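Report on the following structure.
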Amino acid sequence: MIVSPSLLSADFGNIQRDVEMINASEADWLHIDVMDGVFVPNISFGFPVMKAVARTLKKPMDVHLMVVKPENWISQVRDCGAAIMNVHQEACLHLDRTIHAIHDAGMKAAVTLNPSTPVCMLEDVIEGLDMVLLMSVNPGFGGQSFIPGTVEKTRRLKELISRTGSKAIIEIDGGITDRTCPLVAGAGADAVVAGSYVFSAADPMAAIHSLKI
């Protein structure tokens, strides 16, 4: 299982310390949630923070834009050193064009679906994706409980990927713990985002290890 701890749950007063912990851990990526207070009811951080994190980070940066018109920020995300740029299907008027622009900028292209958005919405673009992120909570805040229906939704997405021959992997974000991770893994997930479970743990590195199933 690919593990991508979410910086949203880190100690913002000690971000460098927490990023160095990620470097030393079994984490594969670092998940960066960029929120604009419009697409989701919260504001997180922007490009100056991402650039500062990138100076210390030794793992790939998995950037998740929870913003309106994410296509406006492709070059800025690239310039921050992102390996993966993740945009919401619900926020993109011209999703196919945005996917191609992300690839043209040299990043892997991922698309996120909110809990209420069916996987069929990706049927016409799935072959061009590197990853699909399923939100297992409603986006905007950390620390929420896992939505059980995500397990069956993961199975439906896995079937779509298999049927179309897509190379996309599946990432799950929200309420991930050592109890929910095996559920989504069994349904076909390849990667998980974990925020509170990792950064609120007495031993964050052990928490990361527990998700490497």
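Laboratory data are not the source of any read-out in this text; all were calculated from the coordinates shown. Quick caveat, the model's predicted, so the values are computed rather than measured. Cβ placement follows ideal geometry from the backbone for every residue including glycine, while neighbour counts extend to all protein chains displayed.
Structure notes:
- Residue order, fewest to most beta carbons within 10 Å, for 103, 31, 88: 103, 88, 31
- Inter-label distance, nm, simple model (7 Å from Cα along the C-beta direction), residue 83/residue 121: 2.7 nm
- Cross-link pairs beyond the 29 Å C-alpha cut-off, checked among 69/212; 59/158; 51/153; 51/158: 69/212; 51/153; 51/158
- Evaluated on the stretch 32-140, the Kirkwood hydrodynamic radius is 14.0 Å, with distances taken between all distinct Cα atoms.
- Three principal axis extents describe the C-alpha atoms of the stretch 122-206; from largest down they are 43, 24, 20 Å.
- A Cβ-based charge dipole, computed about the Cα centre of the chain with Lys and Arg at +1 and Asp and Glu at -1, lands at about 140 debye.
- The chain - Rg over Rh from alpha carbon coordinates, Kirkwood radius: 0.93
- In this structure, the amide hydrogen of residue 112, modeled 1.01 Å from its nitrogen in the peptide plane, lies closer than 5 angstrom to those of 87, 88, 89, 133, counting only residues at least 5 positions away or on a different chain.
- Volume in Å³ per residue [convex hull over Cα atoms, computed for the stretch 78-131]: 80 Å³
- Counting beta carbons within 10 Å around each of 209, 64, 94 and listing the fewest first gives the order 94, 209, 64.
- Calculated from the alpha-carbon coordinates, the stretch 79-182 shows an Rg and a Dmax of 13.6, 38 Å respectively.
- Taking 7 Å steps out from each Cα toward its Cβ at residue 26 and residue 96 produces label points 4.2 nm apart.
- Under the simplified labelling scheme, the residue 114-residue 144 pair shows an inter-label distance of 0.9 nm, with each label point 7 Å from Cα along Cα→Cβ.
- Within a Gaussian network of the chain (alpha carbon springs, distance under 10 Å), most fluctuating of 77, 125, 111: 125
- Simple rule: put +1 on each Lys or Arg Cβ and -1 on each Asp or Glu Cβ in the chain, find the dipole, and look at 133, 95, 198; the Cα lying farthest toward the positive end is 198.
- Net charge over other residues, Cβ less than 9 angstrom from the Cβ of residue 66 (K, R count +1; D, E count -1): -2
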